[in-house]
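Only the coordinates and a few stated rules stand behind these numbers; no lab work does. In this text, all values refer to a predicted model and were calculated from it rather than measured experimentally. Quick reminder, even Gly has a Cβ in these numbers, built from the backbone with ideal geometry, and neighbours come from all protein chains shown.
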C-alpha cells in the first residue's frame with residue numbers, strides 16, 4: 001500500500017516510528033516531513049503536500065480504473081438535486097451526522113461533485 005505521511009515538530013518522533021513500522025511491513029511510505037526537529041515549523045507546511053499527494057494518487061487511480069470524474073459523467077442531472085436533497089434531509093441518518101448539513105450545503109456538495 002502507498003502511504004503519504006506528514007507531521008510537525010510535535011509528531012516528529014511518532015511519525016518516524018510509524019514510517020519505520022509501515023516500511024518494515026511492506027508499505028511504500030512517502031514522508032512529507034519534517035525530517036528534523038524545528039520548534040518553529042508549522043503543520044500545514046507538511047500536511048498540505050501529503051494531502052495533495054493523496055488526492056493526486058486517487059485521481060490517477062480513478063483514471064487507471066476508468067472511473068467517472070464526477071456525477072455528470074454518471075448521468076446525474078442537476079434537475080434531480082431538489083429530490084435528492086429532500087431525501088437526504090428526510091433520511092434518519094441526516095440527524096446523526098456530527099455536523100448537520102443544510103439543504104444549501106447539500107446542494108453545494110452535489111454541485112461540486114458534478
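For region 2-65, what ratio Rg/Rh do Cα atoms give with a Kirkwood hydrodynamic radius?
1.04
Could you work out how far helix 81-90 tilts from the main Cα principal axis of the chain, as a 0 to 90 degree angle to the nearest 10?
It works out to around 80 degrees.
How much length would be gained if the chain were fully extended between residue 59 and residue 109, taking 0.36 nm per residue of separation minus their Cα-Cα distance, in nm to one decimal?
Here the answer is 16.2 nm.
Where does helix 103-113 land angle-wise versus the long Cα axis of the chain, in degrees 0 to 90, nearest 10?
70 degrees
Applying a 10 Å radius around every beta-carbon, put 14-23, 56-65 in order of their mean neighbour count, most first.
So the order, starting with the most tightly packed, is 14-23, 56-65.
Report the label-to-label distance for residue 90 and residue 35 in nanometres (one decimal), using points 7 Å from each Cα along the Cα→Cβ vector.
Output for this residue pair reads 5.7 nm.
Work out how much length residue 83 to residue 52 would gain on full extension: take 0.36 nm times their residue separation and subtract the Cα-Cα distance, in nm to one decimal. Write down the numbers at each step before the final one.
On the way: separation 31, 0.36 × 31 = 11.16 nm, distance 3.34 nm.
Full extension from residue 83 to residue 52 adds 7.8 nm.
Note down, for the chain, the three equivalent ellipsoid semi-axes (square root of 5 times each alpha carbon gyration tensor eigenvalue), biggest first, whole angstrom. Each step should come with its number before you reach the end.
Details: eigenvalues 277, 75, 34 Å².
With the √(5λ) rule applied to the chain, the semi-axes are 37, 19, 13 Å.
Quickly estimate the mean residue ellipticity at 222 nm for the chain, helices only: each DSSP H run with n ≥ 4 gives -39500 (n - 2.57), and the total goes over all residues, rounded to 500.
Here the helix-only value at 222 nm equals -16000 deg cm²/dmol.
Spin-label point model (7 Å from Cα, Cβ direction): what's the residue 9 to residue 73 distance in nm?
4.3 nm
Which shape class, rounded, prolate or oblate, goes with region 72-113 when its Cα gyration tensor gives a ≥ b ≥ c as root eigenvalues, a/c under 1.5 marks rounded, and past that a/b bigger than b/c marks prolate?
Taking the square roots of the gyration eigenvalues as a ≥ b ≥ c, region 72-113 is prolate.
With 10 angstrom as the radius, rank 93, 47 by how many other C-beta atoms surround their C-beta, starting from the fewest.
With the sparsest Cβ surroundings first, the list reads 93, 47.
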